[in-house]
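The values are calculated or read from the model by the stated rules, or taken from the named source; none is laboratory data. This one's a predicted model, so the numbers in the text were calculated from it and none came from an experiment. Cβ sites come from the backbone with ideal geometry, for glycine too, and all protein chains shown count toward neighbours.
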Amino acid sequence: MSGHNHIMPFATNLKVFIGLVSLTVFTVWSAKTIDLGRNGNLILAMAIASVKGSLVLLWFMHLKGDSKTNQVIIGSTVFFLALLFGIVYSDLFFR
Amino acid sequence: MHKVDRRVTHSHHFTSSDQEHEAGKQGTWFFMATEVMMFGVLFCGYFMYRFKYPDAYVVGGELLNWKLGAANTLVLLLSSLTMALAVRETQLGNNAKAMKLVVVTTLCAVFFMVVKYFEYSGKIHAGLFPGAWAPIPEYMDKINAIVAQHGLENFKLENLRLFLVVYFIMTGLHGIHIVIGIGLMFWLMKRLKNNEFSKEYYTAVEGVGLYWHIVDLIWIYLFPLMYLM
């Protein structure tokens, strides 16, 4: 029995959590005080959410350092999601 | 049926405990992929209607209490931390410590659902549930005030109803995931109590952890989209 233990240090877990909380505060603060227009604020909020999502995926879910197969599974999910959004919105905007 | 004690050995159709663990984890990742695709379609719909009826989304967002949404976000992030730590303690062989962390995770999940209950019941009593649509006068005043404040000339009440369909479906499906998560936590508690996990076998804790983090990840996107935008 060896190898499959990727034990993440306590401090790393805590740092990821602090990062997530800080970014949540930044999300609320930026939405309430910075005016980039409705679409500008939307893009900013989604960008922050994606950074938070990456923190969760890579560290809390241990995708960083996980097997190549699992990385490909989630990578291809993101690809197909992009395909879904791309085709739907190209139809919506350029019809 | 013969039950395999995975602390001692692996199921006969695997060549090693490592292989069994990897297979189990990979299956969970595939499941997570389907979860992301399922919610992905709903997010796709959210943006579609948002681009078509932006005014309804302004009003809808302002009708929700962002402070409750933010509180729920923080609680869910905390539960993700305690879940990640529970996986860590199980990996280290400390079932008793992992048990406490799973209990905290469950309490966070229950807190989330209690807040959601108050949010939902408030909306339903105000007549804003799409299936029983009858906004009470008090809320109509609120809606009209928001419309006037933002100068939303193209606002139509039926589009607000559409926003609330999107809101209830997306947060509702997410809420169902939280409730299922609570069930899974109780399953883990039972197994942790029986000391069923060890440094060699912790696949179930890790799997529930992955599920819980995906539920958190979806909320990370839902919170700004529903409450702040």
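One table, with the values for the structure above:
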read-out: The stretch A:48-95, residues that are free of Cβ contacts under 8 Å to residues at least 12 places away in the same chain, closer than 24 Å to B:Y53 by Cβ and either more than 9 Å from every other protein chain (Cβ to nearest Cβ) or crowded, with 18+ Cβ neighbours inside 10 Å (or both); value: A:L81, A:G86, A:I87, A:S90, A:D91, A:F94, A:R95
read-out: Single match in B:G181, B:G93 (criterion: closer than 18 Å to B:E206 by Cβ, touching a helix residue (DSSP H, G or I) at 6+ places or on another chain (Cβ under 6 Å) and of a type outside the set (A, V, I, L, M, F, W, C)); value: B:G181
read-out: Residue match in the stretch B:59-73 (condition: surrounded by 14 or more Cβ atoms within 10 Å (Cβ to Cβ) and β-branched (V, I, T)); value: yes
read-out: Number of positions in the stretch B:186-202 that are at the interface with another protein chain (Cβ under 10 Å from one of its Cβ atoms) and under 17 Å from A:F60 (Cβ atoms); value: 1
read-out: Selected residue (criterion: surrounded by the most Cβ atoms within 10 Å (Cβ to Cβ)) from residues of the stretch B:146-189 that are polar (S, T, N, Q) and more than 14 Å from B:A56 (Cβ to Cβ); value: B:T171
read-out: Given (1) more than 7 Å from chain B (Cβ to nearest Cβ); (2) closer than 29 Å to B:L92 by Cα; (3) surrounded by 13 or more Cβ atoms within 10 Å (Cβ to Cβ), number of the condition A:N13 does not satisfy; value: (1)
read-out: Filter result (surrounded by 15 or more Cβ atoms within 10 Å (Cβ to Cβ) and touching a residue at least 24 places away in the same chain (Cβ under 8 Å)) within the stretch B:6-23; value: B:R6, B:S17, B:E20, B:H21
read-out: In the stretch B:25-65, the residues that are within 14 Å of B:Y167 (Cβ to Cβ) and either within 7 Å of another protein chain (Cβ to nearest Cβ) or among the polar types (S, T, N, Q) (or both); value: B:N65
read-out: Of residues in the stretch B:73-90 being within 8 Å of chain A (Cβ to nearest Cβ) and polar (S, T, N, Q), the one nearest to B:Y211 (Cα to Cα); value: B:S80
read-out: Residues that are assigned to a helix (DSSP H, G or I) and either free of Cβ contacts under 8 Å to residues at least 40 places away in the same chain or aliphatic (A, V, I, L, M) (or both), drawn from the stretch B:217-229; value: B:L217, B:I218, B:I220, B:L222, B:P224, B:L225, B:M226, B:L228
read-out: Residue within the stretch A:27-43 that is aliphatic (A, V, I, L, M), more than 7 Å from chain B (Cβ to nearest Cβ) and buried (at least 17 other Cβ atoms within 10 Å of the Cβ) present; value: no
read-out: Pairs with Cβ under 6 Å, 6+ apart, first in the stretch B:203-216 and farther than 15 Å from B:R6 by Cα, second of a type in the set (D, E, K, R); value: B:I214/B:E35
read-out: Options A:V78, A:V51: the member that is within 12 Å of the chain's Cα centre (by Cα), β-branched (V, I, T), modelled with pLDDT of 95 or more and farther than 15 Å from B:A33 by Cα; value: A:V51
